1. For the chain, what does the relative contact order come out to in percent, with C-alpha contacts under 8 Å and a separation of six or more?
2. Over the Cα atoms of segment 7-58, how large are the radius of gyration and the largest Cα-Cα distance (Dmax), in Å?
3. In whole percent, how big is the carbon plus sulfur part of the accessible area of segment 2-208, probe 1.4 Å, protein atoms only?
4. Could you give the C-alpha radius of gyration of the chain expressed as a fraction of 2.2 N^0.38 Å, taking N as the number of residues it contains?
5. How would 314, 49, 337 rank on accessible area, largest to smallest, probe 1.4 Å?
6. Which value, in Å² rounded to 10, gives the accessible area of residue 408 with a 1.4 Å probe and all protein chains present?
7. Applying a 10 Å radius around every beta-carbon, put 369-376, 172-179 in order of their mean neighbour count, most first.
8. Based on DSSP, what percent of beta bridges with both residues in the chain are antiparallel, to the nearest 5?
Amino acid sequence: MQLSVVGSGYVGTTIAACFADLGHDVVNVDIDQGIVDTINDGEAPIHEDGLAELVAEHAGPDSTGRLRATTDYEELLDTDLTFLCLPTPANDDGSIDLSIMKAGAEQLGETLAEKDDRHNVVVKSTVVPGTTEDTLAPLIAEAGDKRLGDDLGVGMNPEFLREGSAVADFLNPDKVVLGAADDRTRDRMKEVFAPLVERADEPPVVETATREAEMMKYANNAFLASKISLANDLGNICKEHGVDMYEVADAMGLDGRIQRAFLDSGLGWGGSCFPKDTAAIIAAAEAKGYDAPMLNAATEVNDRQPQRFLDLLDRHVDVDGRRVAVLGLAFKPGTDDIRNTRAVPVIEGLLERGADVVAHDPVAIENMRDRYPEIEYADSASDALNGASACLVVTDWDQYEVLDEEFDEMADPVVVDGRHCIDRREGITYEGLTW
Ligand SMILES: NC(=O)c1ccc[n+]([C@@H]2O[C@H](COP(=O)([O-])OP(=O)(O)OC[C@H]3O[C@@H](n4cnc5c(N)ncnc54)[C@H](O)[C@@H]3O)[C@@H](O)[C@H]2O)c1
Ligand SMILES: O=c1ccn([C@@H]2O[C@H](COP(=O)(O)OP(=O)(O)O[C@H]3O[C@H](CO)[C@@H](O)[C@H](O)[C@H]3O)[C@@H](O)[C@H]2O)c(=O)[nH]1
């Protein structure tokens, strides 16, 4: 099938490359010329395991040619179905900011005015219930002079991939949710996903309406974020009682009703999704008069973890004028994404205390340098530790787990671990956040 994907960020690039790999012809539309050129050169614009290989195979020279990118919306006119993968950030009050989605929807509609055949538009972005049918569909229809359900089909297909494992997650989903306003659109969506469902060994396909599809995404993220916050709440209790929350979590996870995943306690959840999506669904609830106490509590626990982390550091060392190593800047391992990373409140706390911060991350340094040009960046964890009076572990990259004699080079070997990464050992003063 001929597909177009509007927005070529973490989700848009990943799904475009994967759909090309599944045999579709895909055009990525983005306003960023740099991203477009990178894809057309056969390179991935973001760091994601397996993505560079897929983009090289399907875009650019010596490729299958099934993937290309453009800044020109007109190029989507030759496609049957468009995925909207535009950002849905939060306003200052936490509510969803739909301005980019609306601008993209309007431009899409204006472009579709030139098309006579029916076109299908599927919202992939995370949007609060009602957005697809009440806001975006009418915008597209009006701008394109289309009749909804007739020459314009509208659907909603939430995305559950994680950064760091985006390609593998997309190609092997636990479920595919197809929300549509009408059967014709849903049938087209099923066609798009048929090769994926076959290759992924028939995962469950949930057929539903757009509102339910929108809410399934928020419910998923709210549950996972709350699960981590509960682990952190329990972990903070454990720490006060000299109990190792990781041992407790392992035992909890043996209960089939609980499961071990997402019980890793520590610095809490960051990233481009959990913080904004939790805030957006709380704001959407409040707009209808409901105060969502569970989700507010999950957020409160999460917001407190960086302060508890810095309090542990304060117990051992006054970092004023001292070199402090921060290991990990990305919001999680496997990505260069620093959106809402816990490294930011940690670095802020260190700068407030007068520390000389030296930071390391395998892939996220360039992104962080834009935000904190004033701190030092080390080429290796070992360089960061050299001469440091404390080491703060913020991201659980595998390469930090094997650090050993590198700690011997510290001026004062205090290690505060926010991610259960480093083993306790002779010669270092070790504090785990919840163990
Ligand atoms: N990042 C994830 O892991 C993830 C997972 C599931 C769902 N989501 C949701 O998917 C959506 C997209 O997230 P993302 O992380 O891929 O965003 P992103 O910021 O990485 O990418 C968005 C892209 O859209 C482009 N863009 C902005 N305005 C445009 C316009 N008018 N026309 C064309 N392109 C435009 C930007 O240049 C950028 O490349 C969000 O709603 C997010 O909540 C994200
Ligand atoms: O046990 C855990 C698991 C995760 N985290 C933290 O939680 C955050 C989010 O991690 P993860 O969920 O692995 O990454 P994301 O890429 O943010 O993926 C989430 O957000 C996406 C965007 O909505 C969804 O598609 C995914 O299903 C959902 O897992 C990170 O800061 C992790 O360090 C923990 O603290 N403890």
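The values are calculated or read from the model by the stated rules, or taken from the named source; none is laboratory data. Every value quoted in this text rests on a predicted model; they were computed, and no experiment measured them. With ideal geometry, Cβ positions are generated from the backbone for all residues, glycine too; neighbour counts draw on all protein chains shown. For the accessible areas, the whole protein counts, side chains as well, though only heavy atoms, and no ligand, DNA or RNA atoms are used. Shrake-Rupley method; radii C 1.70, N 1.55, O 1.52, S 1.80 Å.
1. 12 percent
2. Computed over the Cα atoms of segment 7-58, radius of gyration and Dmax are 9.6, 26 Å.
3. The computed percentage sits at 42.
4. Against the empirical 2.2 N^0.38 Å value, I get 1.05 for the chain.
5. The most accessible residue leads, giving 49, 314, 337.
6. Its accessible surface works out to 110 Å², give or take rounding.
7. 172-179, 369-376
8. Of those bridges, close to 5 percent are antiparallel.
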